[in-house]
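Chemist: My questions will all concern the structure given below.
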Amino acid sequence: MPEFDTLISARDAIRSKQVSAVELTRRALERIAQLEPRIQAFNSVADERAMGRAKAVDAGEITGALAGMPIALKDNLCTSWGTTTCSSKMLENFRAPYDATVVKKLEAAGAVIVGKTNLDEFAMGSSTENSAFKTTRNPWDTDRVPGGSSGGSAAALAAGMCVASIGSDTGGSIRQPAALCGLVGLKPTYGRVSRYGLVAFASSLDQVGPFGRTVADTALMMNVISGHDRKDSTSVPSAVPDYLADLETPLKGLRLGIVKEYDLASGIDPEVKRAVDAAVAMYKQLGATIVDVSLPTTPYGIAAYYVIAPCEASSNLARYDGVHFGHRTKEPVNDIIELFSKSRAEGFGEEVQRRIMIGTYALSSGYYDAYYVRALQLRTLIRRDFDNAFSQCDAIVCPTSPIPAFKAGEKSGDPLQMYLCDVFTVTCNIAGIAGISIPCGFTAGEKPLPIGLQLLGPNFSEEKLLRIARMYEAATEWHTRRAPLA
Ligand code: GLN
C-alpha cells in the first residue's frame, strides 16, 4: 500500500514532518499523470495552483486541519479559478466568479485542491457515462464504471490520486460510487452542508458530502465542510459536533433496523446480499440488536424520485438558454425562441434533455396534479415511514447498491435499468435524512469488486452514523484493501 494514502495518515505525516506538503502534492499529481489515461477521473487538473498552495503550507503561510492534503473536487462546485463545467457542453468554458462555500472552507483549512472531477452531466446518472467529455473507469476493473454521478471523485480517490474527495448526492451520487469503488461516502442531512456554489440539479434533494478511504477520514472532512451558511437559506444554524471526538466509542445498546420490504426488492445480486447479511451478523456479534422495521412506501421511492428530481431540474436548468447562461449556438437563427432551442439542443446531452422533458411534462397544467402533487404526497409518506422506523432503531442497514460495478455500456442504453440501481439510495434524499456507505466485502472472481453497506439515520445523526460505521470498520479489514491500480 502506498504511504500516507489516507487523510489521517497524510495529515499526521505532515504534522510530524515525515513528508512535506510539496512532496505529497507532487505524488498525487504524478499519480494523476500516470493513471489518468486509463481512469479518466478529471475534467481539469490544477497542478500549478496546487503546487503553489503546497509550498505555502510548507512555508507555514497556510495552516489548518487539512493543511497540505491533496483533495479532488466534483466539477459541479464553483471555483473562482479554472472552469466549472458540470461535464456539460453547456458550461464547457464556464468560469465561475466565486468559490462555493465548501471550497472556501476546504481551502481555509489548508486543503490543496488538485483538480475537478468528472460527473454525469449536471449530476444526472449513476455511472458517469452521461458526461459530455469522458467516461470515468473503475480502478478495481477498468472495464467497469465507478458509479455516479460523482464517479470522478470516487475513482480519483480509489486510484490514489488524492487522499479524500468531495461529491454531491441528490439521489445516491456519493453513496453509490463509494460502494462501487470500495470507499466511505457520506450524504449529510439536508441543511448540514452549505450548497452555495453547488450548481443546482434538484434543490430540495441536493447535498454536498465527502468521500474518504476510512470512516475517520470522512469524519474529518465533515468537520471541515459542515455548518450554517448565511448564503444558503436551506442550511441549518445548529452547532457542528466534532465528528472525530467519539468516533472510537462503540454505540451502547445499538439497535439496527432491517427493512422488511427491501427483501422483496427484486434484483439484489446474490453476492451483495451475502455480504450485507454477513455485515448484519457482524453487528450482532458486536452487540447490536437487530429489529425488523417496515417502510411500506418502498415500492414507490424510485417513481417519486424520478418525478421530483426531473421537475426541479427542468426549472433549475431553464437558465441555460445561451443568453443568461451557457452555450450559445453559432447557427443562424430567426428569433430568440430559435436561439434558445438550438442552444439548448446543442448544449445538453441526451439524459439531461430526457429529464427536462419529463419534468416539464409533469409540471404542465394538465398533469401537475397527477404527477408532481402525487409525488409530493408520497414524499410526506416516505418521511413518515422513516420517522416510524427510527422510533424503533438507531439506524437502518441495507445494501447501498443492489449490484456491484457494472460494465461500461451495459446499462447506458436503458435509462430505466439505470434508474433502478438507485432503489436503496433515493428515499434518503426524499426524506432529507443522513446516509453513509462503507465497504463490506468483495465479489469473488479474478477481479474482485467492492460491495457497499448503507446505514441510514434520522436528521443530524451523522455523528452516530459515523460511530456505527466505525464499529464495523474496526472489526473488519475491507477498508485496507486497495484497487490493483492504486
Ligand atoms: N442516479 C440518480 C440520478 O440520476 C442520482 C444522481 C445524484 O445523486 N446526483 O438522478
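Chemist: When the solvent-accessible surface of protein heavy atoms is calculated with a 1.4 angstrom probe, in what order do T249, T79 fall, highest first? Don't skip to the answer; put the middle values down first.
Modeler: Details: T249 65, T79 0 Å².
Highest to lowest solvent-accessible surface, that is T249, T79.
Chemist: Could you tally the net charge around P241, taking each other residue with its Cβ under 13 Å from the Cβ of P241, Lys/Arg +1 and Asp/Glu -1? Each step should come with its number before you reach the end.
Modeler: Numbers: positive: R192, K464, R467; negative: D242, D246, E462, E463.
Computed value for this residue: -1.
Chemist: In addition: Testing the spin-label approximation: label points 7 Å from Cα along Cα→Cβ at A474 and I337. State their distance in nm.
Modeler: Result: 6.6 nm between the two label points.
Chemist: Considering amide H positions built from the backbone, and no H for Pro or chain starts, which residues 5 or more places from D99, or on another chain, come under 5 Å of its amide H?
Modeler: HN-HN under 5 Å from D99: S80.
Chemist: Heads up, I need the accessible area for L485: 1.4 angstrom probe, whole protein in place, Å², nearest 10.
Modeler: 30
Chemist: Which ³J(HN,Hα) values in Hz, rounded to whole numbers, follow from the phi angles of the stretch 446-453 under the Karplus curve 6.51 cos²θ - 1.76 cosθ + 1.60, where θ = phi - 60° and Gly and Pro get x?
Modeler: Listing the rounded values in order: 5, 10, x, 10, x, 10, x, 9 Hz.
Chemist: Specify the inter-centroid distance of the stretch 36-51 and the stretch 284-361, based on alpha-carbon positions, in whole Å.
Modeler: First find each Cα centre; the distance between them is then 28 Å.
Chemist: Which of the three applies to the stretch 236-372, rounded, prolate or oblate, going by the alpha-carbon gyration tensor with a ≥ b ≥ c and a/c under 1.5 meaning rounded?
Modeler: Working: a/c = 2.94, a/b = 2.19, b/c = 1.34.
It is prolate, given that a/c is not under 1.5 and a/b is the larger ratio.
Chemist: Counting only C-alpha contacts under 8 Å and six or more residues apart, can you give the relative contact order of the stretch 420-470 as a whole percent? Don't skip to the end; give the middle numbers.
Modeler: Values: 57 pairs, mean separation 17.2, N = 51.
RCO, the stretch 420-470: 34 percent.
Chemist: Step through the residues of the stretch 392-400 one at a time and calculate ³J(HN,Hα) from phi using the Karplus curve (6.51 cos²θ - 1.76 cosθ + 1.60, θ = phi - 60°), rounding each to whole Hz and writing x for Gly and Pro.
Modeler: 10, 8, 7, 7, 9, 10, 6, x, 7
Chemist: Quick check: from the Cα gyration tensor, does the stretch 1-82 come out rounded (a/c under 1.5), prolate or oblate? Don't jump to the answer; show the numbers that get you there.
Modeler: Values: a/c = 1.89, a/b = 1.30, b/c = 1.46.
Oblate, because a/c is 1.5 or more while a/b does not exceed b/c.
Chemist: Of the DSSP beta bridges with both residues in the chain, give the percent that are antiparallel, rounding to the nearest 5. Provide the component values of the computation, followed by the final result.
Modeler: Values: 29 of 45 bridges.
If I count the DSSP bridges inside the chain, around 65 percent turn out antiparallel.
Chemist: Are there any GluC sites (Glu not before Pro) in the stretch 1-90 that are in a DSSP loop and have at most 16 other Cβ atoms within 10 Å? List them by number.
Modeler: Values: sites: E3, E23, E30, E48, E61; in loops: E3, E61.
Of the GluC sites (Glu not before Pro), the ones in loops of the stretch 1-90 whose Cβ has at most 16 other Cβ atoms within 10 Å are E3, E61.
Chemist: Under a point-charge model restricted to the Cβ atoms of Lys and Arg (+1) and Asp and Glu (-1), what is the dipole moment magnitude of the stretch 51-198 relative to its Cα centre, in debye to the nearest 20?
Modeler: Values: 15 positive and 12 negative charges, 49 e Å.
Once rounded to the nearest 20, the dipole reads 240 debye.
Chemist: Could I ask something else about it? Just add up the charged neighbours of Y283: K/R +1, D/E -1, any other residue whose Cβ is under 13 Å from the Cβ of Y283. Spell out each step's value before the answer.
Modeler: Numbers: positive: R255, K284, R467, R470; negative: D277, D394, E473.
Net charge in that neighbourhood comes out at +1.
Chemist: At a 1.4 Å probe radius, which order do I258, I113 fall into by accessible area, largest first? Show your work: numbers first, answer last.
Modeler: Values: I258 50, I113 0 Å².
Correct descending sequence by accessible area is I258, I113.
Chemist: Now, a different point. Over the stretch 335-458, what is the relative contact order in percent, taking alpha-carbon pairs closer than 8 angstrom and at least six residues apart? If you can, show how the numbers build up before the last one.
Modeler: Working: 109 pairs, mean separation 30.5, N = 124.
Answer for the stretch 335-458 is 25 percent.
Chemist: Can I ask one more? Which one of V224, I268, L455 has its Cα pushed farthest toward the positive end of the charge dipole of the chain, where Lys and Arg give +1 and Asp and Glu give -1 at the Cβ?
Modeler: V224
Chemist: Gap in Å between the Cα centre of the stretch 398-437 and the Cα centre of the stretch 54-99?
Modeler: With the stretch 54-99 and the stretch 398-437 each reduced to a Cα centre, they are spaced 28 Å.
Chemist: Taking the Cα centre of the chain as the origin, how large is its charge dipole in debye, to the nearest 20, when only Lys and Arg (+1) and Asp and Glu (-1) carry charge on their Cβ atoms? Don't jump to the answer; show the numbers that get you there.
Modeler: Working: 51 positive and 53 negative charges, 94 e Å.
The dipole magnitude comes to about 460 debye.
Chemist: Explain nothing, just the number: relative contact order of the chain, from Cα pairs under 8 Å at least 6 residues apart, as a whole percent.
Modeler: Details: 1174 pairs, mean separation 87.4, N = 486.
Rounded, it is 18 percent for the chain.
Chemist: Okay, moving on. Once phi is turned into ³J(HN,Hα) by the Karplus curve 6.51 cos²θ - 1.76 cosθ + 1.60 with θ = phi - 60°, what whole-Hz value does each residue of the stretch 457-468 show in order, with x for glycine and proline?
Modeler: Working through the residues one at a time gives x, x, 3, 6, 9, 3, 4, 5, 4, 5, 5, 5 Hz.
Chemist: Taking the mean number of other Cβ atoms within 10 Å as a proxy for protection, how do you rank 441-448, 322-329, 391-398 from highest to lowest?
Modeler: On the way: 441-448: 14.5, 322-329: 16.5, 391-398: 20.9.
The packing order, highest mean first, is 391-398, 322-329, 441-448.
Chemist: Given K89/K407; K74/K411; K252/K407; K74/K252; K17/K464, which pairs have Cα atoms separated by over 30 Å? Display every interim value, and only then the final one.
Modeler: Details: K89/K407 25 Å; K74/K411 23 Å; K252/K407 41 Å; K74/K252 36 Å; K17/K464 33 Å.
Exceeds cut-off: K252/K407; K74/K252; K17/K464.
Chemist: Follow-up. What's the magnitude of the charge dipole for the stretch 10-66 around its Cα centre, counting Lys and Arg as +1 and Asp and Glu as -1 at the beta-carbon? Answer in Debye, nearest 20. Walk me through the numbers on the way to the answer.
Modeler: On the way: 10 positive and 8 negative charges, 27 e Å.
Charge dipole of the stretch 10-66: 140 debye, to the nearest 20.
Chemist: Hey, can you grab everything whose amide H is under 5 Å from the amide H of Y243? Only 5+ residues off in sequence or another chain; H modelled, so Pro and N-termini drop out.
Modeler: The answer is N223.
Chemist: Among A245, L317, C78, flag the residue with its Cα farthest along the positive direction of the charge dipole of the chain, charges on Cβ as +1 for Lys/Arg and -1 for Asp/Glu.
Modeler: A245
Chemist: Okay, next question. Report, by chain and number, residues whose modeled amide H sits under 5 Å from the one on G441, excluding near sequence neighbours (fewer than 5 apart, same chain).
Modeler: I451
Chemist: Is the shape of the stretch 1-152 rounded, prolate or oblate, going by the alpha carbon gyration tensor and its root eigenvalues a ≥ b ≥ c, with a/c under 1.5 for rounded and a/b larger than b/c for prolate? The partial results should precede the final answer.
Modeler: Details: a/c = 2.27, a/b = 1.42, b/c = 1.59.
Oblate, because a/c is 1.5 or more while a/b does not exceed b/c.
The values are calculated or read from the model by the stated rules, or taken from the named source; none is laboratory data. All figures in this text were calculated on a predicted structure; none of them were measured in a lab. Please note: Cβ atoms are built from the backbone with ideal geometry, for glycine as well, and neighbour counts cover all protein chains shown. Areas reflect the complete protein model, heavy atoms only, side chains present, ligands, DNA and RNA absent. Shrake-Rupley method; radii C 1.70, N 1.55, O 1.52, S 1.80 Å.
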